[in-house]
Each structure stands twice: as structure tokens, then as C-alpha cells.
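All remarks here apply to the structure that follows.
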Amino acid sequence: MKKRFLKFACVASLAMILVLPGCKKDDTPDRDKFLGSYNVNENCSSGNFNYSITITESANSEDAIVIGNFGDYSVNVRATVSGNNITFNDTQDAITFSGSGNISGSTLTIIYTASANGVADNCTKTCIKQ
């Protein structure tokens, strides 16, 4: 009986040693999948636009990014990353940008509103990573 239990304990220990390292958490921040340059096709209530943006790391935290040339306004909008999603509510050059987005593969979709002086522009942008 003791030999059988000892054999079982050895096999179980060996199995755990082999399996557990595969459960290691990925230490890559979620924001890394967003970083890079994108070509943008944007549909707004004010018209349709094509331009480029660049997404970089924010120095503030590992779950923050900076979207350069947001809305083709030549401003940098700060966003927070959670998994495959971003959210933002940031004012730059007296324009408030609020909305959210989602990345799937190399396509980032962002739905937002740009507001200034009581006027709002509602937009959906499709961003393709380059």
C-alpha cells in the first residue's frame, strides 16, 4: 500500500512540474497590441476622412496609450486600455474627445464624439495597423 501511494505521489508531482510552467501569466501589457501606425478611414456626421494616426505608450501607466493625430486634429488623445478595449474622455485644444474602441487582429475600431462650443461631431473610425 505504501509503495503504491509513493508511486502515485511521484507521478502526481512530476505531472504538476510539467504542467504548471505552462500556466505562467503573460507579463506583456495589454496596451502593446495597440502600439503602432494606422491608416484611418473615418465616417463622421461632418463628412468622411482618411488620414494616419500613431499610437504610443503613455508614461503615466501600463494601461494607458496616447493616440497621435486623433481625428486628424493634430492632437494627442490619452486613452485607457483594458484587454482589447480602450476608453477615453480627454480635452485637447478646447475640443473634448469621448468614446471607446476595440481591437481585433490588425483592425482598431473607434466610436467617439468630438465636442466644442456646443457643437458635436459623431464619428466611427476604422484603423488598419501598418
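Read-outs: derived from the displayed coordinates by stated rules, not from any lab. The structure presented is a predicted model; accordingly, all values stated were derived computationally and were not measured. Virtual Cβ from ideal backbone geometry, glycine too; neighbours counted across all protein chains shown.
Miscellaneous remarks
- Among E42, E62, E57, sorting on how many other beta-carbon atoms sit within 10 Å of each Cβ, with the fewest leading, yields E62, E57, E42.
- Residues R78, R31 arranged by fewest to most Cβ contacts within 10 Å: R78, R31
- Counting every other Cβ atom within 10 Å of each residue's Cβ, I128, I86 order from fewest to most as I128, I86.
- Under a model in which nothing but the beta-carbon of Lys, Arg (+1) and Asp, Glu (-1) is charged, the stretch 30-129 shows a dipole of about 180 debye around its Cα centre.
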